[in-house]
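Chemist: Pasting a structure here, questions to come.
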Amino acid sequence: MKRIFPTLSAALLGVALSLPAMAQTGKTGLYLSADDFAAGKVSYGAAHHKIRPNVPFQHGKVKVMHGDQSMMLEKSQLYGYRDKKQQDFRFVGNDAYKIIDAKGFPIYSRDVEVTKGKGRVKETKFYFSAHPGSEVKELTVGNLKQAFPGNGKFHQLLDMQFRSNDELARYDEFSKMFKLKTIYNETI
């Protein structure tokens, strides 16, 4: 992910060079890398560009428009984007995961279809990664222990505080943070 443009085709590179990337903080735009996300640096900001993260019939592509010029970028070559509501998302494959908490380690959510009875319903699933650029995994006690193998105190507190994986996504309104993050912060 750190070397985005060398992996793009020459034709796309020519279009990309003709559009100014204009890095901006606190604006709508694309995160080109995990480092850009960590720094809050977006490229192709909304003041100069229009971004469509889900282009019909172009699975796995993001469309960036600047005036009458447009270019298509591969989601696999980007980290994610910030929408007009200032909500951040991370691309993993062709899917966008909503970043709901980025302090310490990122927690993501995503609505997925699951089978319930004879029908399919949308359900919110939770995920995490040990660092902004690392692999996204389902939010489970086992996956958390694997992601932080040297933090024995964190492992013990996970076992003591959570009876099931569903409890890991509990948000504490009083402290304004996920209970999981409170426990993690106590162990670092």
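Chemist: Based on the Cβ-Cβ distance of E186 and R120, what FRET efficiency does E = 1/(1 + (r/R0)^6) give at R0 = 35 Å, to the nearest 0.05?
Modeler: Computed FRET efficiency for E186 and R120 comes out at 0.30.
Chemist: Considering the options P53, H131, V114, tell which one lies farthest towards the positive end of the dipole of region 45-145, charges being +1 on Lys and Arg and -1 on Asp and Glu at the Cβ, about the Cα centre.
Modeler: Toward the positive end, the furthest listed residue is V114.
Chemist: Let me ask something else about it. With every protein chain present, what is the per residue accessible area of region 56-188 (1.4 Å probe, Å²)?
Modeler: About 59 Å² of surface per residue is accessible.
Chemist: If you average the alpha carbon positions of region 112-188 and of region 59-91, how far apart do those two centres end up, in angstrom?
Modeler: A separation of 28 Å, based on Cα centres.
Chemist: Another one. For region 146-170, list residues with backbone N below 11 Å from a point placed 7 Å from the Cα of V112 toward its Cβ?
Modeler: No residue qualifies, since no backbone N sits under 11 Å from the label point.
Chemist: Turning to a different aspect of this structure: Can you list, largest first and rounded to whole Å, the semi-axes you get for region 40-183 by taking the square root of 5 times each eigenvalue of its Cα gyration tensor?
Modeler: Output for region 40-183: semi-axes of 32, 19, 14 Å.
Chemist: Residues with beta-carbon under 11 Å from that of D101, excluding D101: net charge, scoring Lys, Arg +1 and Asp, Glu -1?
Modeler: So the surrounding residues net to +3.
The values are calculated or read from the model by the stated rules, or taken from the named source; none is laboratory data. In this text, all values refer to a predicted model and were calculated from it rather than measured experimentally. Heads up, the Cβs are rebuilt from the backbone with ideal geometry, glycines too, and the neighbour counts pull from every protein chain shown. Note: accessible area is taken over every heavy atom of the protein model, side chains too, but ligands, DNA and RNA are not part of it. Shrake-Rupley method; radii C 1.70, N 1.55, O 1.52, S 1.80 Å.
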